[in-house]
Amino acid sequence: MYEPTLPNQLTVLRMFLVPVLVVAMLSKWEHGDLLAAVIFSFASFTDALDGWIARRRDITSNFGKLVDPLADKLLVTAALISLVSLDRLAAWAALVIVAREFAVTGLRQLAMEQGGPVIPASIWGKLKTIMQVVMVLLLIAFSEPAWWVDVVVYATVAVTVLSGADYFFGLRHLLREERAAGDAAGEATQAAPSNASAGEAPQAAPSNASAGGAPQAAPSSHSRIET
């Protein structure tokens, strides 16, 4: 359910900016690229701002957990598809980035729904976000091909793939640790009754000895004293 907190309001605003960004990028207006760059920069800033506010004020909501990453992916995807349609970005590069974004988002949501571990943002994830923003802004600002812009594009794709692999292997490592901890706890629980029954056995033996073997115990002790 939607809660009108400031982070959620920024998330909704970012979603509303997605179609505005697409119109600005695909329009024939003279200053369309400048407007698109401003919109994308502001939307990216709200992405960082709502997370900072949520952490600082300790604000959490199911709406934010679900919609915030979706709004981020919609923003990036809309910008990439628009750039492909403008022949400023190769389709394969956009496909790799979009596939990674939605794959990681799906894994994160699945882990949250099943009560799995939450992986904090790594240095690769943060670098990926920064490079994607820079790449999109450069492709909006420079309509003509430039070799150094191509270098930024290739580097962004590489970092995006590496960050996805880092998240996947990190999640698998945490799942293995949780499974190992659960198995160890289960073995300890099963071993506790067994140890308890083993500890009761020595107490039962003296009881039987005192009942039936007491006459034999006395001479044995006496003989030891004599020697």
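What follows is calculated from the coordinates using simple rules that are stated; it is not laboratory data. Quantities reported herein were computed from a predicted structural model and do not represent experimental measurements. All Cβ positions, glycine included, derive from the backbone under ideal geometry; neighbour counts span all protein chains shown.
For the reader, a short list of remarks on this structure follows.
- Between Ile130 and Ile59, the FRET efficiency estimated from the beta carbon spacing at R0 = 22 angstrom works out to 0.35.
- Sorted by Cβ neighbour density within 10 Å, fewest at the top, the residues Trp52, Trp124: Trp52, Trp124
- Computed 3J(HN,Hα) for the stretch 29-46, one whole-Hz value per residue from the Karplus formula 6.51 cos²θ - 1.76 cosθ + 1.60 where θ = phi - 60°, is 5, 4, 9, x, 5, 5, 4, 5, 5, 5, 5, 5, 5, 5, 5, 5, 5, 5, glycine and proline marked x.
- In whole angstrom, the stretch 32-181 maps to an equivalent ellipsoid with semi-axes of 30, 19, 12, each derived as √(5λ) from the alpha carbon gyration tensor and ordered largest first.
- Sparse packing (at most 13 other Cβ atoms within 10 Å of the Cβ) combined with a DSSP loop state is found for the following trypsin sites (Lys or Arg not before Pro) in the stretch 1-102: Lys28.
- Those lysines that a straight Cα-Cα span of less than 17 Å connects to Lys73, excepting residues fewer than 8 apart in one chain: Lys65, Lys126, Lys128
- Modelled spin labels at Thr105 and Ser143, positioned 7 Å past Cα toward Cβ, are 3.0 nm from each other.
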